[in-house]
1. If I ask for residues that are buried (at least 21 other Cβ atoms within 10 Å of the Cβ) and away from the ligand (no atom under 16 Å from the Cβ), which ones from the stretch 343-357 would you list?
2. Criterion first (within 26 Å of residue 222 (Cβ to Cβ), within 16 Å of the ligand (Cβ to nearest atom) and surrounded by 18 or more Cβ atoms within 10 Å (Cβ to Cβ)) does residue 297 satisfy it?
3. If you check residue 374 against the conditions, is it under 21 Å from the mean Cα position of the chain (by Cα), farther than 25 Å from residue 124 by Cα, within 16 Å of the ligand (Cβ to nearest atom) and in a strand (DSSP E or B)?
4. Name, by its number, the condition in (1) more than 16 Å from the ligand (Cβ to nearest atom); (2) touching a residue at least 24 places away in the same chain (Cβ under 8 Å); (3) surrounded by fewer than 19 Cβ atoms within 10 Å (Cβ to Cβ) that does not hold for residue 250.
5. Please work out which one of (1) surrounded by fewer than 18 Cβ atoms within 10 Å (Cβ to Cβ); (2) within 17 Å of the chain's Cα centre (by Cα) is the condition residue 165 fails and give its number.
6. Report, by residue number, each residue of the stretch 300-339 that is touching a strand residue (DSSP E or B) at 6+ places or on another chain (Cβ under 9 Å), in a loop (DSSP other than H, G, I, E, B) and either within 16 Å of the ligand (Cβ to nearest atom) or over 16 Å from residue 221 (Cα atoms) (or both).
Ligand code: BGC
């Protein structure tokens, strides 16, 4: 066994997109490439008088994911390219200041209590109307002004490859009814599957929609956009939206439209025919709530393939349309430009509390919300 402080310096194609990664973990690696799995933690900052910690899970093949107790934020996800070189496939910030900067676009966040939009920041439940923060053109986005992405979760290590985060959201918090206990278990398996298991319970009926808001660029800095990533979504239908990105309530067929990703397609191919870029919910073909593969994303420059499995009925594919290179803090000096990364947010459909025809999002006392999503990495 060789004990090493691993530092990766990978060739970069220009100054902006440097793929130099310095990893601060101490690993035990043997000649066959086996790394001792485990979880390390380090101080990352302070928030609301509480310590922000970064937990890093390392698996047996040396892949790593780093997660904050602040917002359950995924700060780094290191997986190998086709040559076995590790690269960080998610956008984020080097330091905690980045996560506090105005206009942080939910990099790596855990989003809740209701991910995505609720029209006019209002919904009616059991005859009562609830008003939320209208933080996005008068609509509510991603849980309001201080959603689950901006709170401290209680962290607990489970074995050598899982981290459990728990958050107690109070009755009335951000306008939502009911005391909600939310838990998310993050696991990095030895086959490079990054899994999120979500559960929640409540003491009053409430809408719940939890998701992970990682911004992926599988090239790990070699390509400044995701326009040359190839995407396949197992969905024949999607939910069309109005100009404020609220679903119209209709479910439309993707065939013959730019929304058709039923066969692998370069993201850049049709993006200019979609006003603003892709930012829609695809209605997955899967039936019921079994865990099934629904998305494949491939980057030919690095050979990285990411397959997404979920129990959820919908997938928001957001092509990083609002990134504009203006963020003051980033990671490794990169510039995060328009379409610099994409999100694949497994979830229930946007605005479901106001659309009775969409799958139910109301959690009642005595029930348990359950959602599993897996991002599985390999190469080809
Ligand atoms: C939404 C985008 C929004 C982004 C915020 C995505 O989930 O679909 O419209 O701008 O989150 O960063």
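1. 353
2. For residue 297, the condition - within 26 Å of residue 222 (Cβ to Cβ), within 16 Å of the ligand (Cβ to nearest atom) and surrounded by 18 or more Cβ atoms within 10 Å (Cβ to Cβ) - is not met.
3. no
4. (2)
5. Among (1) surrounded by fewer than 18 Cβ atoms within 10 Å (Cβ to Cβ); (2) within 17 Å of the chain's Cα centre (by Cα), the lone unmet condition for residue 165 is (1).
6. 311, 312, 313, 319, 320, 321, 322
Since every read-out is calculated from the coordinates, none of them should be taken as a lab result. Computed from a predicted model, the values in this text were never measured in an experiment. Glycine gets a Cβ as well: all are built from the backbone with ideal geometry, and neighbour counts include every protein chain shown.
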